[in-house]
Amino acid sequence: MKFNFHVSPNIKGKQSTQNIMRDLTIGLLVIFVCACIYYASAYGMRYCMQAVLLLACSLITTLVCEVIYAKATKQPIKPFLAHSFGWVTSIILTMMCQITITPYALIIATVFAIVIGRLLFGGFGQNIFNPAAVGGAVIFAAFAGATTDLVTSATPTTTIASEFHWLPATPEVLDSFLEQFGGFSSLALGTYAGAIGETFTIAILLVGIVLALRHVIDWRIPVVYLGAIAIMTAVIALIAGLEPYHGVPAFLWYPALHLVTGGVVFGGVFMLTDPVTNPTSAAGRVLFALGAAILTVLLRMKANLPEGCLYSILLMNMFTPMIESSLDGNQLKIAKKVYIAFACFCVLALGVSLFAAKTIEPVTTLRTSSSATAYVVPEVMNEEVFL
Amino acid sequence: MNRFENFKAGLIKDNPVFSLYLGICSTLAITTTVNNAIGMGAAVIMVLIMSNVIISAIRKIVPDEIRIPVYIVIIATLVKIIQMLIEAYAPALNTSLGVFIPLIVVNCIILGRAEAFASKHGIADSALDGLGMGLGYTLAVVAMSFIREVLATGVLNIVNPFNEAQVWINVTLIPEAYTIPLFNSPVGAFVTFAFLAAVIGAYKKHADEKAAKAEEVK
């Protein structure tokens, strides 16, 4: 009689990391092609070429950084590059930027994302922060003004944050916001100037569904993340007493507005689902996505930043090891713990919604200055705060 | 010879900032410009030498139980003197360094050297150790501030601390469009610090390996 002993895991899925990353890359490139088509048709070929140029800059920078790292650590270059998947980071990072960004700023952000966000932690699979989000934070912090004068209009997130405090209360105010960007359908389809890849809400959702069906990304994360944001903003709409918009009650249009503006859908589908930086258990992932949703709404409504998605991802990445270790072990035995944690998070979400709705003054009257001013990072952020 | 080795160790191998990780708060905060760093370095060198000398001189009289309060009183006195001197003769430096001059009192380098070295060694040794450690600190903050200032503003600007109208060096190294303002903020300080500390760590490792190999050959 013959016994075979294998080291676990003994059941292997058909998917390899290569396959997952290939599918993800194709999904991202679909969105990127959408962006190219939109910029080519709306602004001309030059803008389309600019988007391609930015992507090329980011990809080449990634390649150079990884080759140097492989040389420095004396690893064979070709296998290292094939297993590093740096291009996914650079595509996501490029799509998070606006088309007005200078290639130089993007290159620096890519260096930060790849070298500090990823390689210094030990390369693919070792990083604790989502590298693309690290690069995005660098752009936010360092290059807020580093834009070329290609498209100078402000993005919907900066406009709604600076002029309407995220709470346009009456249909007239909402109309004055929407007409700057061509209405709800335009916001949903992504035909307005914003971050290169983040604007195409419907296309991203479709790609996300395909990727989830192919088990490339975990469906729980985007569903819980976007669902929690929708519920929290609906609660805010009800408490703040927003008026119906052309017959649509406030608890329906206000969450929709939150979902179609800014990068929550892009972040939820492509960045939060990064398998390296989120918990491995299903329960952990649900808690992770819920926490990110709470932080996103809180940052959007109460912080000085126009967009909360990016920082919520970075902050939740820090909690990943904690979630992971607390939900370690037999998943059936710790089910009660999971329910309690889930209930706590739900109460927290409700509390955040109440707090946001009670403390923000809804904008009910139109201001005279309709021109959108670019968001300026307050001085306080740049001051030294150490002692 | 041993004395000189002690002095040299403070510069790179036992650099107080990058190797002993002492006095990092002020290092992160004052390294936005090279001017600040030089001023801070000079102040720390002076306080460190004087405190080391005084503490070494009284090391046999001070009761062991209350040595820390005694050291702190000595250091605080010296820092106050230095602060008043800077206020009188280099007012611009005083405004830009601000609270970090009085905070030299709680700088770990000074108390650390008093505890670890001056309370056990003679006056001359302690003075030399103070100079070495002070120079090590200055070297560290000047290196950090050079990187941060050049990357963040693109301009290297050094003025006479006693007369700010007198500009010694003012060169543009990076064009305005290619600067990285991030390095002016705390994030830049941490990143610069981490990279320099890593370089020093790598150098130390390399030196240790070399020494071990030399030992083997013997």
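Bear in mind these aren't lab numbers, they're just calculated from the coordinates by the rules spelled out. The shown structure was predicted, so the numbers you read here are calculated from the model rather than taken from an experiment. For neighbour counting, all protein chains shown are included, and Cβ atoms are generated from backbone atoms with ideal geometry for every residue, glycine included.
Tabulated data for the structure shown
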| read-out | value |
| --- | --- |
| Residue-wise HN-Hα coupling along segment B:54-59, computed from phi with Karplus coefficients 6.51, -1.76, 1.60 (Hz; x: Gly, Pro) | 5, 5, 5, 5, 9, 4 |
| Relative contact order computed over chain A (Cα-Cα under 8 Å; 6+ residues apart), in percent | 18 |
| Volume of the Cα convex hull of chain B, divided per residue and given in Å³ | 144 |
| On Cα atoms only, tilt of A:171-181 relative to the major axis of chain A in degrees | 60 |
| Over chain B: helical MRE at 222 nm, DSSP H runs n ≥ 4 each giving -39500 (n - 2.57), nearest 500 | -21500 deg cm²/dmol |
| DSSP loop chymotrypsin sites (Phe, Trp or Tyr not before Pro) with at most 15 other Cβ within 10 Å: longest gap in chain B | B:22-161 |
| Nonlocal amide H pairs with A:VAL363, under 5 Å, H built at 1.01 Å | A:LEU167, A:ALA169 |
| Most fluctuating residue given options A:ASN330, A:ASN130, A:ASN317, as computed from a GNM of chain A linking Cα atoms under 10 Å | A:ASN330 |
| Farthest positive-ward along chain B dipole, Cα basis, beta-carbon charges - from B:TYR178, B:ASN15, B:ALA143 | B:ASN15 |
| Exposed chymotrypsin sites (Phe, Trp or Tyr not before Pro) absent - longest run of chain A, DSSP non-H/G/I/E/B, at most 16 other C-beta within 10 Å | A:6-218 |
| Whole-Hz ³J(HN,Hα) from phi, Karplus 6.51 cos²θ - 1.76 cosθ + 1.60, for segment A:336-351, glycine and proline x | 5, 4, 4, 4, 4, 4, 4, 4, 4, 4, 5, 4, 4, 4, 4, x |
| Nonlocal amide H pairs with A:ALA195, under 5 Å, H built at 1.01 Å | none |
| Diffusion coefficient, µm² s⁻¹, Stokes-Einstein with Kirkwood Rh over alpha-carbon pairs of segment A:161-359 at 25 °C and 0.890 mPa s | 141 |
| Chain A - mean residue ellipticity at 222 nm from DSSP helices (-39,500 (n - 2.57) per run, n ≥ 4, rounded to 500) | -19500 deg cm²/dmol |
| Whole-Hz ³J(HN,Hα) from phi, Karplus 6.51 cos²θ - 1.76 cosθ + 1.60, for segment A:93-106, glycine and proline x | 4, 4, 6, 7, 8, 7, 5, 7, 5, 6, x, 4, 4, 5 |
| Those lysines that a straight Cα-Cα span of less than 30 Å connects to A:LYS302, excepting residues fewer than 8 apart in one chain | A:LYS358 |
| Ranking of A:LYS12, B:LYS204 by count of other Cβ atoms within 10 Å, fewest first | A:LYS12, B:LYS204 |
| Segment A:46-60 and segment A:301-367: distance between their alpha carbon centers, rounded to Å | 35 |
